[in-house]
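**Q** Once you've had a glance at the structure underneath, I'll fire off some questions.
All of the numbers you see were taken from the coordinates with simple rules; none came from a lab. Bear in mind the structure is a predicted one, so any value in this text is a computation, not a measurement. Don't worry about glycine lacking a Cβ; one is built from the backbone with ideal geometry, like all the others, and counts go over all protein chains shown.
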Amino acid sequence: MTTPLFAEIRDEILASGPIGLDRYMGLCLGHPVHGYYRTRDPLGARGDFVTAPEISQMFGELIGIWIAATWAAMGAPADLAIVELGPGRGTLMQDALRALARAAPDLRPALHLVETSPTLRAEQAARLSAAAPTWHERIETLPQAPMIAVANEFFDALPVRQFQRAERGWFERLVGLGPDGSALAFGLAAEPDTRITATGPNGVLMTLPGAALDLARALARRVVAGGGAVLAIDYGHARPGFGDSLQAVREHRFVPPLAEPGAADLTTHVDFSALGRAATAEGARLHGPVDQRDFLLALGLRERAERLGRDATPAQRDAITAAATRLTDTSRRGMGSLFKAMAFADPALHALPALPASRP
Ligand code: SAH
């Protein structure tokens, strides 16, 4: 399928040569007119994929409990900013704020949402207007205040570059045109990138999540200077690894990543170890990563499911149990161990709820 964005990318390649994967992902997801997140609400059963907060209200509620306990650990500052990066439909924050109002009735947080999609901003406004959120295009405009930031399935959408190892060094993986010019195709740069000093076996692919690391550094500097913590939940790996995790999803199915630019979601697995190293290099303290299963169970998922089940019909009770299982299932089909939770925080915070301190 050719898309309107395909024509633009083809013209760019014809004019100035193959583009990096970071440029490709940036255009596919964020192009002002044809970008995937600009043009649609991708979430839910009728969208392209389903996220944890859309599976069950319990997910956001437990995040609300986490925020309440983290705020208490910070010494309960009155001027707390709650920040969400990529809030999607606003479901997570709506559920979190409801739980937070019960767990920390004295807290009157200022809500800040970092979101580029006009479509999703409208969804967020519909669910969160009572909390009078302020929207931001980027984190630079966030207030200088103690903050608790939450990012669920956000870092995975940020552009990455990839490099392939060969005899002469690391060659960047580029997006160019196939033989007849009618489709996009992967290729490699003609010369190796001599700035990369990593070692790895020939043929192996390495992913450099530059945008995610820049963001982690900037957020880390903020919590080190102003207090607070950043919680990231995403699918990814706790140990650095080689291999290609770039994937495109449309209507709940995997599609080839170059086939439908702008019409499919594009993500890569989050490299939590690289993210953690970027944050600690700025002076932040690291907590986790742990499997999503352990994180949610430590926050009381079972108890919350039982509590909800008590007032429910048998059919609703089955749905609650199924949702809890899906969020914690550690088989390949579940989210329990594919997803990880990790926080980086002001080093004055020695312990955070449900996340063990990491060894430096
Ligand atoms: N957290 C939500 C949505 C995840 S989808 C959930 O769990 O359901 C990714 C979200 O990040 C969307 O809201 C998307 O619009 C937003 N997003 C993607 N790239 C972004 C960027 N560069 N800056 C700000 N928001 C971005």
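**Q** Starting from the amide H of residue 48, placed 1.01 Å from N in the peptide plane, find each other amide H under 5 Å away whose residue is 5 or more places distant or on another chain.
**A** Those lying under 5 Å, H to H, from residue 48 are 43, 251.
**Q** Wrap a convex hull around the Cα atoms of the stretch 206-343, take a quarter of its surface area, and give that in square nanometres.
**A** 10.7
**Q** Excluding residue 107 itself, calculate the net charge of residues whose Cβ lies under 15 Å from the Cβ of residue 107, where each Lys or Arg counts +1 and each Asp or Glu counts -1. Write out the running numbers ahead of the final one.
**A** Values: positive: 98, 102, 108; negative: 79, 106.
That works out to +1.
**Q** In addition: I'd like the FRET efficiency for residue 199 and residue 23, computed as 1/(1 + (r/R0)^6) with the beta carbon distance as r and R0 of 35 Å, rounded to 0.05.
**A** About 0.85, to the nearest 0.05.
**Q** Rounded to the nearest 0.05, what FRET efficiency is calculated for residue 106 and residue 140 with R0 set to 25 Å and r the Cβ-Cβ distance?
**A** E(calc), rounded to 0.05, equals 0.25.
**Q** Calculated from DSSP H runs of 4 or more alone, at -39500 (n - 2.57) each and per residue, what is the 222 nm mean residue ellipticity of the chain, nearest 500?
**A** -11000 deg cm²/dmol
**Q** Which trypsin sites (Lys or Arg not before Pro) does the stretch 163-244 hold that lie in a coil by DSSP with at most 14 other beta carbons within 10 Å?
**A** Listed in order of number, the matching sites are 168, 195.
**Q** Related question: Would you please name the GluC sites (Glu not before Pro) within the stretch 65-150 that are DSSP coil residues with at most 14 other C-beta atoms within 10 Å of their C-beta?
**A** Passing sites in the stretch 65-150 are 137.
**Q** Hey, fewest Cβ within 10 Å first, where do 19, 9 land in order?
**A** Ranked by crowding around the Cβ, least crowded first: 19, 9.
**Q** So for the chain, taking the charge dipole from beta-carbon charges (+1 Lys/Arg, -1 Asp/Glu), which of 299, 78, 141 sits furthest toward the positive end?
**A** Positive-most Cα among the choices belongs to 299.
**Q** So who's got an amide H within less than 5 Å of the one on residue 188, skipping anything under 5 residues away but keeping other chains? H placed 1.01 Å off N, in plane.
**A** Residues meeting the amide H criterion: 174.
**Q** A further question follows. How big is the stretch 4-345 in terms of Cα radius of gyration and Dmax, in angstroms?
**A** 20.7, 65
**Q** For the stretch 1-103, what is the relative contact order in percent, using Cα pairs closer than 8 Å and at least 6 residues apart in sequence?
**A** 23
**Q** Using the count of nearby Cβ atoms within 10 Å as a rough guide to exposure, how do 33, 150, 255 rank from fewest to most?
**A** If I rank by nearby Cβ atoms, fewest first, I get 33, 255, 150.
**Q** At what distance in nm do the modelled label points of residue 16 and residue 130 sit from each other, each positioned 7 Å from its Cα along Cα→Cβ?
**A** Between residue 16 and residue 130, the simple spin-label model gives 4.8 nm.
**Q** Something else: Collect residues whose amide H, placed 1.01 Å from N in the peptide plane, falls under 5 Å from the amide H of residue 161; neighbours closer than 5 in sequence don't count.
**A** Answer set, sorted by chain and number: 208, 210.
**Q** Working only with C-alpha atoms, what are the Rg and Dmax values of the stretch 157-267, expressed in angstrom?
**A** In Å, with Rg to one decimal and Dmax whole: 16.9, 55.
**Q** Quick check: Cα centre of the stretch 330-360 to Cα centre of the stretch 130-177, how many Å?
**A** Centre-to-centre (Cα) distance: 19 Å.
**Q** Moving to a separate point now. Have a look at the DSSP beta bridges in the stretch 4-345 and tell me what percent are antiparallel, nearest 5. Before the final figure, lay out the partial values.
**A** Details: 33 of 54 bridges.
If I count the DSSP bridges inside the stretch 4-345, around 60 percent turn out antiparallel.
**Q** How high is the relative contact order of the chain, given as a whole-number percent (alpha carbon pairs under 8 Å, six or more residues apart)? Don't skip to the end; give the middle numbers.
**A** Working: 745 pairs, mean separation 68.8, N = 360.
Reported relative contact order: 19 percent.
**Q** Between residue 182 and residue 332, what is 0.36 nm times their sequence separation minus the Cα-Cα distance? Round to one decimal in nm. Don't jump to the answer; show the numbers that get you there.
**A** Working: separation 150, 0.36 × 150 = 54.00 nm, distance 3.60 nm.
Separation in residues times 0.36 nm, less the Cα-Cα distance, equals 50.4 nm.
**Q** Can you tell me the dipole magnitude for the chain around its Cα centre, using point charges on the Cβ only (Lys, Arg +1; Asp, Glu -1), in Debye to the nearest 20?
**A** For the chain, the charge dipole is close to 700 debye.
**Q** In the stretch 286-360, which trypsin sites (Lys or Arg not before Pro) fall in coil by DSSP and have 13 or fewer other Cβ atoms within 10 Å?
**A** For trypsin sites (Lys or Arg not before Pro) across the stretch 286-360 that sit outside H, G, I, E and B with at most 13 neighbouring Cβ atoms in 10 Å, the list reads 332, 333.
**Q** Report the net charge of residues surrounding residue 347, where surrounding means a beta-carbon distance below 12 angstrom and charges are Lys +1, Arg +1, Asp -1, Glu -1.
**A** -1
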